[in-house]
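The values are calculated or read from the model by the stated rules, or taken from the named source; none is laboratory data. Since the model is a prediction, treat every value here as computed from it, not as a measurement. Cβ placement follows ideal geometry from the backbone for every residue including glycine, while neighbour counts extend to all protein chains displayed. These area figures cover heavy atoms from the full protein model, side chains too; ligands, DNA and RNA do not enter into them. Shrake-Rupley method; radii C 1.70, N 1.55, O 1.52, S 1.80 Å.
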Amino acid sequence: MPKTVLVFTAHPDDAEFFAGGTLAKMAREGARVVIVVATNGDKGSFRHDPAHLARLRAEEARRAAGVLGAEPPILLGYPDLELDQLPPGRLREQFVRAIREHRPDVVFAQDPWCPFEVHPDHRAVAWAASDAVAFASLPSFCPEHAAEGLQPHFVVEKYLFAPLPNAAGRIVDIEETLEVKLAALAEHRTQVEFLVEDIRRQLGAAGLSLASILGAEEADPLALLAWAVEKQAAEIGRAAGFAYGEAFRYARFHPLVESLLAQEDRPA
């Protein structure tokens, strides 16, 4: 198991949604888990003003990280839905800095090659993290870090969030930590309420309602979330013979190195 796990996410709830069970599992087995959150999530609400929502979501992120067994999150605090407006390379440099400071064995991030990603913040974090992981080992990449005592670092294991199962190369068994994932997600109450309200409004636009699906128009948003997350985890896990799973595109070394390792592992 890794000693240090570094997670790059766009929003305060992303780590829990995409990898909460896996992160809880690694933390439970002794790993140090550090989550870097790029935005303050201040636009994800139909009722909170942005400044108030940003404060709420920062506190929710801290509580959720504690439930997972992670350290208090690193909150970069950029406005929601505006990462694509940052100066070129800024987010990438901050991610390289985080890699060199924390020297992780494993990095989790959004998969930059995942198709149909509509959220610009997810796309921005995915590409910044991909670049940072690929080149943080080069001394001439962000050379100003050397003056701060930060040395190049190569990340061996990469777990990339793969929302589409056919893009996943690894499914992690989270049967023992699904409840931890759900408990951590429950701390993101403002986001859960927003997601349920958004679905409710889209159902209305489609001429449907929660009552037509669940038999009740009113339902606890947290209960609805738990139902949806458990259903998705069961579908993902089924492909690998697990009760519940999380899916990732997993990578380690250059293909040449991987082929040599495979040869070493073959029986004589």
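Some values worked out for this structure:
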| read-out | value |
| --- | --- |
| Max mean-square fluctuation residue, GNM over the chain, Cα-Cα springs under 10 Å, options Gln110, Gln232, Gln85 | Gln85 |
| Extent along principal axes [Cα atoms of region 81-172; Å; largest to smallest] | 42, 32, 17 |
| Sparsely packed GluC sites (Glu not before Pro) within region 15-62, loop by DSSP, other Cβ within 10 Å at most 10 | Glu29 |
| All aspartates and glutamates inside 19 Å of Lys158 as judged from Cα atoms, apart from same-chain residues fewer than 8 positions distant | Asp14, Glu16, Glu29, Glu93, Glu101, Asp105, Asp111, Asp131, Asp173, Glu246, Glu258 |
| Residue-normalised accessible area of region 48-125, given per residue in Å² at a 1.4 Å probe | 48 Å² |
| Accessible surface of region 120-210, 1.4 Å probe, proportion on carbon and sulfur as whole % | 57 percent |
| Radius of gyration and maximum dimension Dmax of the chain, Cα, Å | 19.2, 65 |
| Per residue solvent-accessible surface (Å²) - region 145-268, probe of 1.4 Å | 58 Å² |
| Order by protection proxy (mean Cβ within 10 Å, highest first), peptides 196-209, 71-84, 172-185 | 172-185, 71-84, 196-209 |
| Radius, Kirkwood style, for region 1-147 when every pair of distinct Cα atoms is counted (Å) | 15.6 Å |
| Candidate residues Trp113, Trp227: accessible-area rank, largest first, probe 1.4 Å | Trp113, Trp227 |
| Charge dipole magnitude, Cβ of K and R +1, D and E -1 - region 85-195, Cα centre, debye nearest 20 | 360 debye |
| Cα Rg, Dmax, region 93-232, angstrom units | 19.7, 62 |
| Sequence-separation-based contact order of the chain, relative, with Cα cut under 8 Å and 6+ spacing, percent | 22 percent |
